[in-house]
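What follows is calculated from the coordinates using simple rules that are stated; it is not laboratory data. Keep in mind that this is a model prediction, so the values were computed, not measured. Cβ atoms come from the backbone with ideal geometry, glycine included; neighbour counts cover every protein chain shown.
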Amino acid sequence: MLRLTALSAAAFFAATAPAFAHLNPGEHGSFAAGLSHPLFGLDHILAMVAVGLWAAMLGGRALFAVPAAFVGTMIAGFLLALFGLSLPFVEPVILASVVVLGLIVAMAVRLPAAAGAVLVGAFALFHGYAHGTELGAASALSYLLGFALATAGLHAAGIGIGLVLGGGRSRPGIALARGLGGATAAAGIALFAGVL
């Protein structure tokens, strides 16, 4: 079982490695630039997939409420940056989100859907703010639609992984999901330390 968990974690990390840099909005369009943005940073990928995985583990209303709260609050964070409002500690909070969300999955934390939505929303504000600070020459609305769609896709990937693993109801599936959560938290610590 330990070997299977390690192999699953390795496959998870291999599947999340970004293969390209941010797209230039002038060459590829603002929507494509926004769509690529969350896929460029391992911190964004890991946090957003972990949100979907945790939502699948929680099940019920949380399956939709938790990812929707992330996307909605992320858009609010983007608007904060767009209007020039300051949000401190953006990068440390984003890195902390990877560790915390990974630990939540690893410990199979059970919360009501509303509490889960508030928790992920707090982190999403910072992810959205980071997207907003890197808007550059992109059109705000097209860029926003692109990164919101990419984020929803990463959540869907996490939900898919969670559902394939039994949605938190089968012992082997729970063990694998928890292993992925632990690997996510470890990656977050490595990102903090500058190893990844």
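What number goes with the only condition from (1) in contact (Cβ under 8 Å) with a residue 40 or more places away in the chain; (2) hydrophobic (A, V, I, L, M, F, W, C); (3) surrounded by 15 or more Cβ atoms within 10 Å (Cβ to Cβ) that Val93 does not pass?
(1)
Would you mind finding the one in Val100, Val66, Val90 that is at negative phi, β-branched (Val, Ile, Thr) and over 13 Å from the mean Cα position of the chain (by Cα)?
Val90
When the residues of the stretch 153-196 are filtered to those that are assigned to a helix (DSSP H, G or I) and of a type in the set (Val, Ile, Thr), which remaining residue is surrounded by the most Cβ atoms within 10 Å (Cβ to Cβ)?
Result: Thr184.
Can you name the residue in the stretch 54-63 that is more than 15 Å from the chain's Cα centre (by Cα) and either of a type outside the set (Lys, Arg) or part of a helix (DSSP H, G or I) (or both) and, of all such residues, is surrounded by the most Cβ atoms within 10 Å (Cβ to Cβ)?
Met57
Given the conditions (1) out of contact with any Phe, Trp or Tyr (no Cβ under 8 Å at 6 or more places or on another chain); (2) surrounded by 24 or more Cβ atoms within 10 Å (Cβ to Cβ), which single one is not true for Val51?
(1)
Restricting to the stretch 92-137, give me the number of residues that are part of a helix (DSSP H, G or I) and either hydrophobic (A, V, I, L, M, F, W, C) or in contact with a Gly (Cβ under 6 Å, 6 or more places away or on another chain) (or both).
Adding up the residues that qualify gives 28.
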